[in-house]
1. Could you state how much accessible area A:Y396 has, in square angstrom rounded to the nearest 10, with a 1.4 Å probe and all protein chains kept in place?
2. Exceeding 30 Å between C-alpha atoms, which entries from my cross-link table qualify? They are B:K151/B:K281; B:K326/B:K387; A:K322/B:K326.
3. Does chain B classify as rounded, prolate or oblate by the C-alpha gyration tensor (a ≥ b ≥ c root eigenvalues; a/c under 1.5 gives rounded; else a/b over b/c gives prolate, otherwise oblate)?
4. On a 0 to 90 degree scale, rounded to 10, what angle separates helix B:485-499 from the longest Cα axis of chain B?
5. Note down the nm distance, to one decimal, between modelled labels 7 Å out along Cα→Cβ at A:F369 and at B:Q15.
6. Mind giving me the nanometre distance, one decimal, between the label points for B:E541 and B:Q411, set 7 Å out from Cα along Cα→Cβ?
7. Could you put B:H74, B:H23, A:H176 in order of accessible surface area, largest first, with the 1.4 Å probe and the full protein assembly present?
8. Given R₀ = 56 Å, what would the calculated FRET efficiency be for B:E251 paired with A:L433, taking r from the Cβ atoms and rounding to 0.05?
Amino acid sequence: MPEQTNTRSGAPPWGIFPAGSSLLRDLPIVFAGLAVFYGIISFAHYGIGPMNTEAEIQLAPSALPKYALFSVIRIAAAYALSLAFTFVYGYIAAYNKRAEKLMIPLLDTLQSIPVLSFLPGVMVAMVSLFPTRQLGVELGSILLIFTGQVWNMTFSFYSSLKSIPREMREAAKIYHFSWFQRFIQMELPYASIGLIWNSMMSVAGGWFFLMACEMFVLGDRDLRLPGLGSYLQTAANEGNTRAILAGLATMILVIVLMDQLIWRPVIAWSQKFKVEQVEAVETPTSPILDLLRRSHLLSLASSWTTVPAREAFMQHFARMHKERRKAGKHSAVIWYLIGATCAGALAYGVVRMLRMVAGVSWPEWRAIFIGAGATFLRVEFVLLVAALWTVPVGIYIGLRPRLSAIAQPIAQIAASVPATALFPIILLLLIRLGGGLGIGALVLLLLGTQWYILFNVIAGASAIPTDLKEVCQIFKLSKGERWRKLFLPAVFPFLVTGFVTASGGAWNASIVAEYFHFHGETISTVGLGAVISDATNRGNFDMLLAATIVMALMVVTINRLVWRRLYALASTKYKLET
Amino acid sequence: MAMSDHNKVLELISQENWEAAAHAMERLDPSEVADLLQKLPFEQQQNIFGRFQVDFAARVVGHFPYYHQYVLLHSRGPEAMRAIVDKIDADDRMRFFDELPEEAWQHLMDELSGAALPHPQRPQVQPVSKPKLPGPSAVVEPIIEARQVQKFYEQPDGNRIEVIAPTNLTLEPETIIALLGPSGSGKSTLLRMLSGLSSPSSGQVLWHGKPLAETHPNVAIVFQSFALFPWLTVCENVEAPLAALGMAKQEREQRATQALDSVGLKGFENAYPKELSGGMKQRVGFARALAVEPEVLFMDEPFSALDVLTAENLRSELMELWMAKKIPTKSIFLVTHNIEEAVLLADRVIVLGRNPARIRANFRVNIPQPRERSAAEFTVYVDYIYKVMTQPQADIAFPSVPGKPPKTKFQMLPHARPGGIAGLLELLNDRGGREDLYHLADELRMEVDDLLPTVDAAVLLGFATLEAGDMIITPEGQAFGNATISAQKPLFREAALTHVTLLQQMKSALDRKSDHALPLEFFRDVLDEHFSQEEVEQQIETALNWGRYAEIFTYDSEDERLILHDNGLSEKAQTERG
Ligand SMILES: Nc1ncnc2c1ncn2[C@@H]1O[C@H](COP(=O)(O)OP(=O)(O)O)[C@@H](O)[C@H]1O
Ligand SMILES: [Mg+2]
């Protein structure tokens, strides 16, 4: 805590100019700053260059750092966009009762639409916006990554806003907090922990779909953007195992680095936003965060920039708020207009969509429904297999604190490695063993979804109160009884949470799992994901739309009928109150 | 003629010529004099009453409620008091003695027989009072005036539930008002409307005579849950409202430090709320409220979340600050469900009934500060409030809205447990079957909030009756209190089915179904029309609790279904067979 008082110490800022030793400590930060700067410059230089959509992807390992950098920037840009969208959408949905009724079901539906279904629309729009610049395709790719990241973040922010305690909100109101002050002193801190966890999940999801978002066929055009995803895709196409491994290693390295340099410090820092009555015994820590906190350079910089800026904003908005209060409420006409326009556009979109779907022929519908059935069976089978091995293993690990301390970070890294990147290797193996994409798709889905379940089971098992375990010992329950009476019921709510995430993820992943470019040819298996991928490739928009609607409907229906009910059951009957 | 006398009296009072005012009053009708006196601050009442002839004083004093009578009598010396009591009309005197609680009566008897020393708490009549309020205080302009404010809450199913019935209320300067009422009665709702947090459904709240929406009152609220921002330090928490006012950083810090100093939190400026104990957190809440120098300080059960000792401490510190005028606040509006707290702190007490909330009593507490719980006057007031709160609400006649038939009220179950009822009756039995309520509360160490529902339940079930703040056991109650645990069930069952409408309805509905089972939802729908959502859940919980204890039905929590108990089934089967 002493380092936090730095910015407030009475000495003038120039009096504490970094001395020799602290300059050394600040060096990594200086270098990091320069590197980020260089990266942005080179990306911008490339971005405003002329359109070159069929960039030759070099498979030489020396090209990897550049590609990794480009992919990271793309994901970061998409993330920034997601954050902005989250704030605006979540804010309106949480505070406008009428808008909420429309916006939340809409969000629920959008969330269940697979990323790649957005591809053609987004790309066509972006390329026509910037017909000659690389920027257009780049923006399209970023938007695609955005569609994969944004929904759960928005949900998390919205539900955090809704759950701010009534009295806390009333305190902000009675003391006349301005919009800005309320946001930075109440809403953002309150929502931050949920938002950070969901950001981590979202960015991991971004890696999963990176290959699809950087290289795709759109009608007769073969679009590819320089990046790690397209590198892996190209390597897979050529069957170049060494390049695949090199690309994979780079990707894992980038993921681990991001985890250590960004997420861990952020999580450790966010602990102060926990709404808890007493201080927790164990809190996450991060050496990087300690380094940043100890840095004189940073505290100096913030005392010159962010601190006065925040102060100025606060004052400005406080004045505005006061004037607004004096002037009375301004008319809501503008808002009605905006609302009406949005509703109108939405209605128009629905009509257009229905007319388009009407053009799908009977055999095409048949293919869609057969595909839907196949994918349904595949997804449920994968969930079953995943549960079969993760539940016992997860409980075993979760019950042993020392083991879970080792297993958690490993599992985390394993989970953040996109299964899509491993896919080429697995497929090579399978083909050598005489299997096909039918099994391959199952393996890929399993790789993509089992981790969510494993995490949750471990968390559930380690949350079992000690006294309950002791009771089992006292009553000398047999092993089977212990599992039936304590462990399984105790992890049930966590298991359901894992299933919800895994199920949605699996449906989405089916698009990349059931249809694959490999060795210059396309392999596919029966499934709704394959139908969607195929329609995208052929530029058959009617079919794409119809298949997407079917998939979204299925996901929403399964959520409502199965998971939500199980969830309600879990949160009432099987809740372990501590 | 009488009118001019009246005006003359008012003028003399405004000139603070007590001697002449008392003389002039002696020419008026005693009941008119009593009305006039009740409108004056208590010191002035004492000044005038102290100067009345003994005969006249005896005629006037009978027009006051007994608690007021008690303190007025004590404003005369022992000799004069004895003389006045002698002269009071015999019937009035009998009633007065009857109404006095045990201790006060005993104390008075001692005093009248000349055995007791002069009362330690008795205020000495001062020949000339310090000029305290400017002008005639009978016409002090109120800070807040609520005119016919009413509040409805819309239920999700569209029903509108009236939470606050049209209510008039004023808050005068230099007073502490305590708003008392059972939990869920609408105290917080009323506070929200008076402070401007929410607007009334109908009626008006005036601040200094102007509608609340047009003025921008400077108010502060101290919340039961503290409502601090856990991510801000103590100092930043106190500064936040000041920043909202657009105050510069330096001034802000200075004011915050000062406020923290006054509540004894010097040295904790940089601590986070979660590092503090409950009492210290509430101190921060007070500092935050005082720092904005509010005109009216609102407090919503500020001591309820604290343990008894901490609460007592904080209360007396607050009173010290208030009495010494160390806080700039003009008035305090305190919401509480603790009767003793109200009598300890408030100049005026307002008792609220429930469903919908209506003012059941509104009176001054004429005891000088600091107050002692052991003083006889204190007991008089506590006893009186118990009496008001336990008086059946239907007894109070309210004019119904013309043209609108009064809605018949659905019987409301008090939230008590059968075990608690049995315990209370047992104690009552031990005490000879009749006891003052505040004695019972003391004995059982129960907060009013626990005790009153239990008392209400005993009355509802016909186990006891209430008479002027005393609880009297009935023969059924005696049987129930004396029965063994297994014998209590059938007695409870009989009482419940005779007196409790909801349980009767539940039983007959279950009787009529062929499978003798019904979803709970069915009854929830019935209750939805009469109660707010929160209250519906509580009604259901209590009904389930009683019904299961009485073996009227069993409840399957998994399917949320009620099933007629075997008792009922076999009875029915037998009658069918027979
Ligand atoms: N925002 C709300 N919406 C619907 N009902 C409410 C709301 N706030 C309070 N109520 C209902 O109004 C009644 C009075 O509540 P409240 O004023 O909080 O009572 P108290 O402060 O006396 O405990 C309760 O029955 C509660 O359920
Ligand atoms: Mg309340």
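The values are calculated or read from the model by the stated rules, or taken from the named source; none is laboratory data. Fair warning: this is a prediction, and the values are worked out from it, not measured in the lab. Because the Cβ atoms are built from the backbone with ideal geometry, glycine has one as well, and the counts that use them run over all protein chains shown. To get the accessible areas, we keep the full protein, side chains included, count just its heavy atoms, and leave off ligands, DNA and RNA. Shrake-Rupley method; radii C 1.70, N 1.55, O 1.52, S 1.80 Å.
1. Rounded to the nearest 10, that gives 120 Å².
2. Working: B:K151/B:K281 32 Å; B:K326/B:K387 36 Å; A:K322/B:K326 28 Å.
The pairs that break the limit, which is 30 Å between Cα atoms, are B:K151/B:K281; B:K326/B:K387.
3. Numbers: a/c = 1.89, a/b = 1.30, b/c = 1.45.
Oblate, since a/c reaches 1.5 and b/c is not below a/b.
4. 80 degrees
5. Roughly 10.2 nm, to one decimal.
6. Spacing of the two 7 Å Cα→Cβ label points: 2.2 nm.
7. Per-residue accessible area, sorted high to low, gives B:H23, A:H176, B:H74.
8. Working: r = 76 Å, r/R0 = 1.37.
With a Förster radius of 56 Å, E is 0.15.
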